[in-house]
Amino acid sequence: MSFQRFPRLPALLLWLHCLLATPALLAQSTPPDGVQVIDSVEFTYWNTPSLPPPDTAWQALTLPYNTRDNVPGASPQAEESAYVWFRFSLEQPDSAGRYSLYFWRFNMALAVYLNGAEIGSTSVREGRTTMSWNQPLLVDIQQPVWRSGSNEVLVRLSRGVWGGSFAPVLFGDSATLAEMWAERRFRQVEINEVLLAFGLGLSFISFVLWAIRRRDTVYLWFSGMCLSWSIVTLHMVTLHIPLSYLHWLALIHTAIDVSIFCMYGFIGRLVEGVKKPARERLVLAWAILAACTHFFVPSAYFWGTAYSMHLVGTAALALIVLRVAVIALRERRLQAIIVSTAILLQILLFSHNVYLMFFTSSARWEGNMFYAHFGIPMLFLIFVGTLLLRFSSALSMAETLNRDLESKVESSRQLIERSFAERRALEIRQAAEQERLKIYRDLHDDVGSKLLSIVHADRDSKLGQMARAALESLRQAVSRANTPDQSLAGFLSDIREETELRLQGSGHEVHWQQPGQVPELIIPSAIAFHLNRILKELVSNIIRHASAEQVRVQVEFLPTQWNILIEDNGRGFQRQAVQGNGLHNIETRAAEIGARVLWQGELQRGTCCHVSLPFHLLRPISPLL
């Protein structure tokens, strides 16, 4: 499949990427008019879920808050607190309407208080850890809670093993903020829920295909890739995780590495000439090492080691992409171009994630979204399309083979029917032949014996002569019936044996000339009988009348006929002057079977007789014979 058939493929892939990534760009838009951004707050560490006492010391802070950054004035003991509290003031709006607070990024869980009364929080499930890093929260402020003038808002942030994060808060009209909340939830949660179902469905279908066709391991690798990335997508939509936060993140990052490994193996089986078993074993060893690192490394080094392992796997993936790209450029294969372009885009998206995590400020990190999980669906679609192309090619090949098979089956059926018809005709001929032989034997044994008795009883009378003639006719008829269909090679062998035996017995020197390759043809019994009689008569004439010393018999095969030439060096004769019954019988028999007889001879210079018979009077040897 050549690249010329799809000259705009790179532009199409870029368009797909932009389509998937467009929602991420909306996250960086400025708030609409009438929405207040609250980024100047006070914070304190208070290690209980109850409200801090009035005498608690508060420190000023400009949001976003992230434990990756140094927070001024925070003691190490305070930073180990499970909760961090934020405080800011709100003035009661002049207009009587519905207002809300919009928390668009935080981790791990929030509880919001207004004037000491809880007005909203993230949901909590017993036995589960709440993880809200990708789940926005909208808190409506009921009218009775407002006080005239300044209103105090307290926010309790539950932190994990690596602390927590808290982005600037938006305050404004409930309808406007509800629209922003729904838009962000759609981008960050609902799309990923669809992608999760999509990935799990692809994983199941691919696994079923592999279970049906165990030889095509490409489906198993694709199933593993879809399943492992579905686990990563699960991280985007899960609010209450079933494990501890530390073990959950270890599982998610292990799934990332397993996805890279499965992608490596999948590409090696999808594109011919790419798979290298030694390198594949090396990537497997890396994936096992990465999984052990994620689960057992100290939490202080988790993020650095996790992304370092991802970078190693990405580098291995880049090597195989480079090999695929070389194949694509050298052979201009569409499949190789699609795969290399898709994976290159995914590597770039992953690099963007790494850049946000380690090389940007907290404010920049909080104001952006991760792109990699939007690129994976595009990768899946491209791989599915590639598998469909393979399936289509295999289906076309199967249909071609099926047509060929049907044609061969039809030919075999016709051959079997023809063979059956020939066998049936042969059986009928053989049955008729056996019945004729029985009749001839009965005639010979009964009528022949009676005619012979008449001949011996009255040799010289007219009746005796008639009985002798009838007996000769009967013998010829029986002889004709006893001459079966036989092959041309067998017929010539029998004639040669009889001719040489008779001529050599009478003192003649015989020279038999015949090609080594005899056509595979059958001589019908009637033709074989008359030819046998013609050749016997010719040999008898040579013995009785020719006074010859040498006889040459030559058999030759021409494209449309075969000839028998019998030549002697005797006294010769002139055909016009000879009126014997023997020569007349020869010509009569030849005319009866469609043969042609030609005489050549002069007195004292020998005689030559040509007997020609067309091939169309014979028939091919049946496979059943």
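Computed on protein heavy atoms with a 1.4 Å probe, the accessible areas place Glu567, Glu331 in the order Glu331, Glu567, largest first. In sequence order, the stretch 274-283 has phi-based couplings of 10, 5, 10, x, 5, 5, 5, 5, 5, 5 Hz under the Karplus curve 6.51 cos²θ - 1.76 cosθ + 1.60, θ = phi - 60°, and Gly or Pro positions carry x. 3J(HN,Hα) along the stretch 105-110, derived from phi through the Karplus expression 6.51 cos²θ - 1.76 cosθ + 1.60 where θ = phi - 60°, amounts to 8, 6, 6, 10, 9, 10 Hz, with x in place of Gly and Pro. Taking each residue as 0.36 nm, the span from Glu183 to Phe204 lengthens on full extension beyond its C-alpha to C-alpha distance by 4.5 nm. Across the stretch 167-175, rounded Karplus estimates of 3J(HN,Hα) from the backbone phi angles (6.51 cos²θ - 1.76 cosθ + 1.60, θ = phi - 60°) give 8, x, 9, 10, 10, x, 4, 4, 5 Hz, Gly and Pro being marked x.
Backbone amide hydrogens, once placed in the peptide plane, bring Gly160 within less than 5 Å of Met108, excluding anything fewer than 5 places away on its chain. Rounded to the nearest 20, the Cβ-based charge dipole of the stretch 242-343 about its Cα centre (Lys and Arg +1, Asp and Glu -1) stands at 420 debye.
The simple spin-label model puts a point 7 Å past each Cα toward its Cβ; for Ser540 and Leu405 those points are separated by 6.5 nm. The listed residues Arg187, Arg147, Arg281 rank as Arg281, Arg147, Arg187 when sorted by accessible area, largest first, using a 1.4 Å probe. In a DSSP loop and with at most 15 other Cβ atoms within 10 Å, the GluC sites (Glu not before Pro) in the stretch 586-625 are Glu602.
Counted residue by residue at 0.36 nm each, then reduced by the alpha carbon distance between them, the extension gain from Phe391 to Ile288 reaches 33.8 nm.
List the residues whose amide H sits under 5 Å from the amide H of Ile141, counting only those 5 or more places along or on another chain, with H placed 1.01 Å from N in the peptide plane. Excluding prolines and chain starts, which carry no amide H, the hits are Tyr99, Ser100, Leu101. Residues whose amide H comes within less than 5 Å of that of Gln486, counting only those at least five positions distant or on another chain, are Ile523 (H built at 1.01 Å from N in the peptide plane). What FRET efficiency comes out for Ile428 versus Gln517 if R0 is 30 angstrom and r is the Cβ-Cβ distance? Round to the nearest 0.05. For R0 = 30 Å, the calculated efficiency reads 0.40. A simple spin-label model places pseudo-atoms 7 Å from Cα toward Cβ; at Val145 and Arg330 they are separated by 6.7 nm. Placing a pseudo-label 7 Å from each Cα along the Cα-to-Cβ vector at Arg502 and His610 gives an inter-label distance of 2.3 nm. Ranked by solvent-accessible area (1.4 Å probe, protein heavy atoms only, all chains present), the residues Leu345, Leu311 order from largest to smallest as Leu311, Leu345.
The values are calculated or read from the model by the stated rules, or taken from the named source; none is laboratory data. What you see is a predicted model; the values in this text were computed from it and never measured. Heads up, the Cβs are rebuilt from the backbone with ideal geometry, glycines too, and the neighbour counts pull from every protein chain shown. For accessibility, only protein heavy atoms count, side chains too; no ligands or nucleic acids. Shrake-Rupley method; radii C 1.70, N 1.55, O 1.52, S 1.80 Å.
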